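Read the structure below first, then the notes.
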Amino acid sequence: MVEKPEHHALGEWVEVGRKLRSAPNGEILSLIGSVESYLEDKLDNETLPSSPDYREYFRGYAETILEAAWAELRKRNLKQLG
């Protein structure tokens, strides 16, 4: 069984958060565009191990990163407004 993204080691998610907090807005927007493109165009066409769990794992991981990137941008915008 493939480990679900939400069960990843906490240290990995902390590192993703650190990288997002230190990245300029342009890099975060680029990441968002790349992840959205991957989810829309590439994931379903990618050759992955035969288990459907792998595709769900990669989709969940990508969606979690996308959600974190959007959350970081929203947080920055709120700080600028407030």
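Summary of values
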item	result
For the stretch 66-77, Karplus couplings with θ = phi - 60° (6.51, -1.76, 1.60), whole Hz, Gly/Pro x	4, 4, 5, 5, 4, 4, 5, 5, 4, 4, 5, 5
Total charge dipole magnitude, the stretch 11-62, about the Cα centre, Cβ charges on Lys, Arg, Asp, Glu only, Debye to nearest 20	260
Fewest-first ranking of L39, L78, using other Cβ atoms within 10 Å as the exposure measure	L78, L39
Ascending count of other beta-carbon atoms within 10 Å, so fewest first, for D41, D53	D41, D53
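FYI, it's all coordinate maths here, none of it is from the lab. Keep in mind that what you see is a predicted model, and the values were worked out from it rather than measured. Glycine gets a Cβ as well: all are built from the backbone with ideal geometry, and neighbour counts include every protein chain shown.
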